[in-house]
Amino acid sequence: MRIARFSIDGNVAFGAVEGDRPDELVLDIIKGIPFADFELSGTKVPLSKVRLLPPVLPNKVVAFGRNYAEHAKELGNEVPDAPFAFFKPSTSVIGPGDEIQYPSFTEDLHHEAELAVVIGRMCREVPRERVKDVIFGFTCANDITARDVQKREKQWARAKGFDSSCPLGPWVETDLDLAKASDLTIQLTVNGEQRQLGRTSEMIHPIEDLIVNISEAMTLLPGDVILTGTPAGVGPLTVGDEVAVTIEGIGTLTNKVVKRG
């Protein structure tokens, strides 16, 4: 099931996305919230009539860096022996179609296409064999990075945590199991030109290991998001660019870069 979060006539709701053709997609409005038992209302609205929002509002976004060997290599970094985590605040999250605001403090803004894992239940110290039980689903993410700031500052808070630096969407796909999610095509285009192309099977540390690693340290809450790293091909964005992340079996997340006003 594809679960979207949307607004219509000033109201915010969750809905199940139905249909195959992009111009015929509809939302069956959900009664309640998708992280608990819910029912479909049977009230349907065309996707074209709503504004899609970030599919979840995470308490925290935990991102893992240098989790694809070729990406680490292209930036001249060593591959870490253990998962390497950092945070993006909830204020960095935007949805499909929202604008990526180019910050005034950087001159080298980069895209990073990523598979995002959405947590479905409160959990801590998750054993590897139980990871599948705490995952709600998967969505597309773009870890927007101020690369020059990242290089000159020891902490990545400003480089990766600024407002609009974490586009998510267009919805959460709940029907993917871990085996399928671990071998999906992930690609990114800028103005229709392919920049990144890889497979999630190229991850150094698989999804199970990432969740085991971070849940050893902290409690994960429903709606929290885990970014799993980016394949090679990261590169610069400029004002006016349209950047799209497409992940097999999930969908396409598209955003435009604008100058921060």
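The values are calculated or read from the model by the stated rules, or taken from the named source; none is laboratory data. The structure presented is a predicted model; accordingly, all values stated were derived computationally and were not measured. Reconstructed Cβ throughout: ideal geometry from the backbone, glycine too, with neighbour counts over all protein chains shown. Surface accessibility is based on the protein's heavy atoms, side chains included, excluding ligands, DNA and RNA. Shrake-Rupley method; radii C 1.70, N 1.55, O 1.52, S 1.80 Å.
Filter region 222-252 down to the residues that are surrounded by fewer than 15 Cβ atoms within 10 Å (Cβ to Cβ) and either among the hydroxyl-bearing types (Ser, Thr, Tyr) or more than 17 Å from GLU114 (Cβ to Cβ) (or both) and list them by number.
PRO236, THR238, VAL239, GLY240, GLU242
Give the residues of region 69-95 that are in contact (Cβ under 8 Å) with a residue 40 or more places away in the chain, more than 24 Å from VAL118 (Cα to Cα) and either touching a helix residue (DSSP H, G or I) at 6+ places or on another chain (Cβ under 7 Å) or of a type in the set (S, T, N, Q) (or both), sorted by residue number.
Listed by number, the list holds a single entry, VAL79.
Only one of LYS44, LYS31 is closer than 30 Å to ILE211 by Cα, over 22 Å from the mean Cα position of the chain (by Cα) and basic (Lys, Arg). Can you tell me which?
On inspection, the qualifying residue turns out to be LYS31.
Considering only region 108-128, state which residues are among the hydrophobic types (A, V, I, L, M, F, W, C) and open to solvent by 50 Å² or more (accessible area, probe 1.4 Å).
Listed by number, the list holds a single entry, MET122.
Pairs under 9 Å by beta carbon, first residue without any contact (Cβ under 8 Å) to a residue 12 or more places away in the chain and farther than 19 Å from PRO89 by Cα in region 133-146, partner open to solvent by 10 Å² or more (accessible area, probe 1.4 Å) and outside any strand (DSSP E or B), six or more apart or different chains?
Cβ pairs passing all conditions: none.
Does GLY261 satisfy being closer than 27 Å to ARG5 by Cβ and in contact with a Pro (Cβ under 9 Å, 6 or more places away or on another chain)? It would help to see each step written out before you state the result.
Working: closer than 27 Å to ARG5 by Cβ: yes; in contact with a Pro (Cβ under 9 Å, 6 or more places away or on another chain): no.
Here the answer is no, as GLY261 does not meet what is asked.
Within region 1-107, considering only strands (runs of 3 or more DSSP E) that don't extend past its boundaries, which have at least 1 residues that are open to solvent by 20 Å² or more (accessible area, probe 1.4 Å) and either in contact with a Lys or Arg (Cβ under 6 Å, 6 or more places away or on another chain) or modelled with pLDDT of 95 or more (or both)?
2-8, 11-18, 26-31, 39-46, 84-88, 99-102
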